[in-house]
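Notes follow the structure.
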Amino acid sequence: MPVLSAGGNRVATFPQHAGLPWLACALAAILIAPAQAGPNETVLYSFAMSPKGANPNAGVIQDAAGNLYGTTSSGGAANLGVVFKMDTSGHQTLLHSFTGAADGGDPYAGVIFDPAGNLYGTTIAGGTAGMGVVYKLDTTGQETVLYNFTGGADGGNPYAGVILDAAGNLYGTTYGGGAEGAGVVYKLSPAGQETVLYTFTGGADGGYSEAGVILDTAGNLYGTTSGGGAAGVGVVFELNPAGQETVLHRFTAGPDGGVPYAGVIRDSAGNLFGTALIGGASGAGVVYKLSTAGKETVLYNFTGGADGGGPYAGVVGDAAGNLYGTTVGGGTGGAGVVYQLNKSGQETALYSFSGGVSGGSPSAAVFRNASGNVFGTTFSGGTAGGGVVFKLDAAGQERTLYSFPSAAGGSNPHGSLIGDSAGNFYGTAYAGGTANAGVVYKLGASGQVTPLYSFTGGSDGGQPFASVIRDPAGNLYGTTVSGGTAGAGVVYKLDPTGQETVLYTFTGGNDGGNPYAAVILDSAGNLYGTTSAGGAAGAGVVYKLDTTGQETVLYTFTGGTDGKGPYAGVIQDPAGNFYGTTYYGGTAGAGVVYKLNTAGQETVLYSFTGGADGGNPYAGVIRDSAGNLRGTAYFGGTAGAGVVYMVNAASQETVLYSFTGLTDGGDPYAGLARDAAGDLYGTASAGGTGSGVVYKLNAAGQETVLHAFTGADGSGPYAGVIGDSAGNLYGTTSAGGTAGAGVIFKLVPR
């Protein structure tokens, strides 16, 4: 295979980024040929997923009869999640299967009860504007949409659930939307009238909350944001009844922790307790306490070893003052733990998941009943690989109450495609496979998909978010977000027969952890990439892996002005310099574009503000012969729905296009491809008819929507496109299709 180039700059054999490709065509052409507007779409393959739901991100609640209720983020009739009930015998009943249309889609959060037994929750997608909904399910499973978010000033994409006050008002947060695109805190009356209580700026006050709020007797709300603050790694905040915010703590990603995805709980004295995903003494996260004066005390530092690592979920407490929670990594099985923390700060791993039949990667908080039994969910594992509902008794004995089914052939592809000269394509699916830990697959010229390797979530890795690259001998190289001996992901190689070799296992410490990005390959056989977490400050690293599997950390991000969370991979110019982006950090906490020279010295080329210039670039960059860099930012822009930007050789940024989130698309996760005429091609994960679009941007900044997905033909294109010399475009969607688990598509010029 030839070495690809982008305007004369060597970027490695088949450059990819975390499933979000730039110029990445391994077909006959190096640059994609100019495409005509209005291509015809052909679904080449539709991935399968169980109609009973899969991959529960949220925990469960229990009624007086002992029945459990919860949600799954995928599966169901449209693979956009379900609300389920499970009785005491382990029998599951589907209460509602989301379609991604007006009823919402992808319920990331769990549900709550009202006194009458109705359930309330949120979805991050779907609704009339595609920005999520607040919904109610009555006791018969009948859904009522209480509110449709627009993604504007009212907020959008509520990852968090809701709480209910005595008057029947609901309170919650949104991850996006608001005047600054950094989310809001909202109140919803029983009649469905929304009031925005506070709009985050994404700066010192915080932004991008993935956690809900709690309410005290005086009407004050407390919560966390995963971004913003002094270092761009989140805050703990208080909001009084007048809507005035007080930042109680700004995380640094140092010893105090960083990126609190989970919310807080409060004791009778007013102290707050919570978790931070990264930082701490080992970079594997912390459990913290905040006094009423806002003084933080780290109660426990996770090591990423047998004690667990990566506390994605928050904590619950008992009457004796003990705290209980989960970690997504670490443990003796490398697939996370359920832990107890006593008042003295002594941690006990009550149960270690193996990633097998007992489940793996518990990302949700647990529920503890009056008998001392702990109930929860795991994102993966189980007998069918789609995660489990588990019960842990007071003696630490685990019982799997229900195993969600999954698709052996893979599901939910987040990565893009690469191709060979014979017309075959190769890619990854984040979920599915024999253990629901993802697969590497091959799509033949006849449309037949063959799983080349099915990850177990154990030492071989799990959840391959990024695409693969291919060397001249036909070997494939890639990364997994999780798995490995420390649960922090791996770099792997697959030979042409599908035999896997783990080239490197990340520890989540100074060497980095959780690589969302793909790797690039130089002519000497060295691999280069990034990790989203780990490093000395827990903010990620740029690494090199030589042919013997020896890792060298080329740069460690601090989480400050130099950036934090490089979800994107790197490209390389002829002089050996690397270029990439970080999702967080920078002067405004909204991410940066950076350059790394051959001596490992970083230069921040541009720091996003999260305003009109864009913010939070999930994808990497492409580079032309003049040294201009082009990419996408997921948030920001004039409508808060993301931008396409250029940073020139003088580090000056120009917004080439600002998405509205409507018919033109919005929320561009993926990067760009560029043709010989200078036109840009990409995908937007939202907008269009609500399921995302494929777009073209000409040199004058005029956008043409080439295809708007409907759901049946795919939904949620998180990966970009590649093209061939005939102008055909190829890509994947993470959801939609006949079975709701995503598709591989081809767009043919008209």
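A few remarks follow.
- Estimated at 0.36 nm per residue, the fully extended path between Lys442 and Asn169 surpasses their Cα-Cα distance by 93.2 nm.
- Beta bridges per DSSP with both ends in the stretch 302-404, % antiparallel, nearest 5: 95
- Gain on full extension, evaluated as 0.36 nm per residue between Ala676 and Gln244 minus their Cα-Cα distance, stands at 150.3 nm.
- Dimensionless Rg over Rh [the stretch 302-404; C-alpha; Kirkwood]: 0.94
- Averaging 1/r over each pair of different alpha-carbon atoms in the stretch 65-113 and inverting the result gives 11.0 Å, the Kirkwood hydrodynamic radius.
- Amide H to amide H, with H built 1.01 Å from N, Gly161 comes under 5 Å of Gly110, Gly212, counting only residues 5 or more places away or on other chains.
- Rounded to the nearest 20 debye, the dipole magnitude of the stretch 302-404 is 140 debye, with +1 charges on Lys and Arg beta carbons, -1 on Asp and Glu beta carbons, and the Cα centre as origin.
- Along the axis of the charge dipole computed for the chain (Cβ charges of +1 for Lys and Arg, -1 for Asp and Glu, origin at the Cα centre), the listed residues Ala431, Pro190, Ala537 are led at the positive end by Ala431.
- The stretch 578-708: relative contact order as a whole-number percent, Cα under 8 Å and 6+ apart: 15
- Each peptide among 126-134, 574-582 gets the average number of other Cβ atoms lying within 10 Å of its residues, and from highest to lowest they stand as 126-134, 574-582.
- Counted charge near Gly331, where neighbours are those whose Cβ lies closer than 13 Å (Asp, Glu -1; Lys, Arg +1): -3
- Calculated FRET value between Asp522 and Thr663, using beta carbons and R₀ = 35 Å, to 0.05: 0.25
- Given their separation in residues at 0.36 nm each and the Cα-Cα distance between them, Ser89 and Asp393 gain 107.8 nm when the chain is fully extended.
- Cross-link pairs exceeding 18 Å between alpha carbons, from the set Lys544/Lys595; Lys442/Lys493; Lys289/Lys343; Lys493/Lys746: Lys493/Lys746.
- Mean sequence separation of contacting Cα pairs (under 8 Å, at least six apart), scaled by the length of the stretch 401-558, corresponds to a relative contact order of 13 percent.
- Rounded to whole numbers, the Karplus 3J(HN,Hα) couplings from phi for the stretch 102-112 are 4, 7, x, x, 6, x, 6, 9, x, 10, 10 Hz, using 6.51 cos²θ - 1.76 cosθ + 1.60 with θ = phi - 60°, and x at Gly and Pro.
- According to the calculation over all Cα-Cα pairs in the stretch 242-373, the P(r) per 5 Å bin from zero is 2, 11, 22, 24, 19, 12, 6, 3, 1, 0 %.
- Taking amide H atoms as placed 1.01 Å from N in the peptide plane, the amide H of Val481 lies under 5 Å from those of Gly462, Phe465, each 5 or more residues away in sequence or on another chain.
- Förster radius 56 Å - calculated FRET efficiency between Thr195 and Ser344, Cβ distance, rounded to 0.05: 0.85
- Cα centroid of the stretch 340-366 to Cα centroid of the stretch 570-603, whole Å: 36
- Relative contact order of the stretch 241-373, pairs being alpha-carbon contacts under 8 Å that are 6 or more residues apart, as %: 17
- Label point 7 Å beyond Cα of Ala269 along Cβ direction - residues of the stretch 282-310 with amide nitrogen under 13 Å: 289-295, 297
- Of the GluC sites (Glu not before Pro) in the stretch 96-198, not one is in a loop by DSSP (not H, G, I, E or B) with at most 16 other beta carbons within 10 Å.
- Look at (1) 52; (2) 39; (3) 22: the one that is percent of Cα pairs over 40 Å apart derived from this structure is (3).
- Cβ charges +1 (Lys, Arg) and -1 (Asp, Glu), total dipole of the chain, debye: 540
- Using the average count of surrounding beta-carbon atoms within 10 Å as a protection proxy, the listed peptides 630-639, 555-564 rank, highest first, as 630-639, 555-564.
- Counting only Cβ charges, +1 for Lys and Arg and -1 for Asp and Glu, the dipole size of the stretch 435-590 around its Cα centre is about 280 debye.
Laboratory data are not the source of any read-out in this text; all were calculated from the coordinates shown. Since we're looking at a predicted model, the values are computed, not measured. Here the Cβ is made from the backbone with ideal geometry for all residues, glycine too, and neighbour counts use every protein chain on show.
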